Amino acid sequence: MPKMMGLFMLIPAAVLLTFSFFVLFTISKVEKGKLKAFGYAVVAILWLVAALIFSKSLHMAFSCGSMKGCPMQEMMKGKMGGMMQGSQQGAPMMREQTDNPGMKR
């Protein structure tokens with residue numbers, strides 16, 4: 001499953017690169033210097049974000065195959081480990097209330 005997630009993350013990177021193409025196309029038609037500079041800045045940001053998404057998708061696609069060091073697995077282990085801990089011991093999932101002399105019932 002994480003390999004597929006890594007591959008599906010390529011879609012937003014492709015969309016960002018497509019947007020950057022249209023921004024570059026529009027910049028070529030613009031004559032004003034400040035607007036061209038702003039367009040190049042937008043393109044640089046789009047390329048940077050696309051590169052980050054692409055590198056993260058490659059990381060998830062290739063390093064999560066063995067499920068060692070996979071960020072999604074670590075996150076799920078943390079959430080599920082806390083929920084399953086009480087049921088493995090045969091104890092109820094809720095904490096028992098202790099008698100506290102300062103607490104009125």
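Listed values, structure above:
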quantity: Residue satisfying all of: in the stretch 1-40; surrounded by 14 or more Cβ atoms within 10 Å (Cβ to Cβ) and of a type in the set (G, A, S); nearest to K56 (Cα to Cα) among these; calculated: G6
quantity: Enumeration of residues in the stretch 15-43 that are in contact with a Ser or Thr (Cβ under 9 Å, 6 or more places away or on another chain) and aliphatic (A, V, I, L, M); calculated: V42, V43
quantity: Residue match in the stretch 59-80 (condition: at pLDDT 75 or above, assigned to a helix (DSSP H, G or I), surrounded by 14 or more Cβ atoms within 10 Å (Cβ to Cβ) and polar (S, T, N, Q)); calculated: no
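Residues are listed down the side, and each one gets a yes or a no for (1) touching a Leu at 6+ places or on another chain (Cβ under 8 Å); (2) within 21 Å of F8 (Cα to Cα); (3) not hydroxyl-bearing (S, T, Y):
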site: S20; (1), (2), (3): yes, yes, no
site: V30; (1), (2), (3): no, no, yes
site: K34; (1), (2), (3): no, no, yes
site: A37; (1), (2), (3): no, no, yes
site: V42; (1), (2), (3): no, no, yes
site: L46; (1), (2), (3): yes, yes, yes
site: A51; (1), (2), (3): no, yes, yes
site: K56; (1), (2), (3): no, yes, yes
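The values are calculated or read from the model by the stated rules, or taken from the named source; none is laboratory data. Treat the numbers as computed from the prediction; the structure is a model and nothing was measured. Every residue, glycine among them, receives a Cβ derived from its backbone with ideal geometry; neighbour counts consider all protein chains shown.
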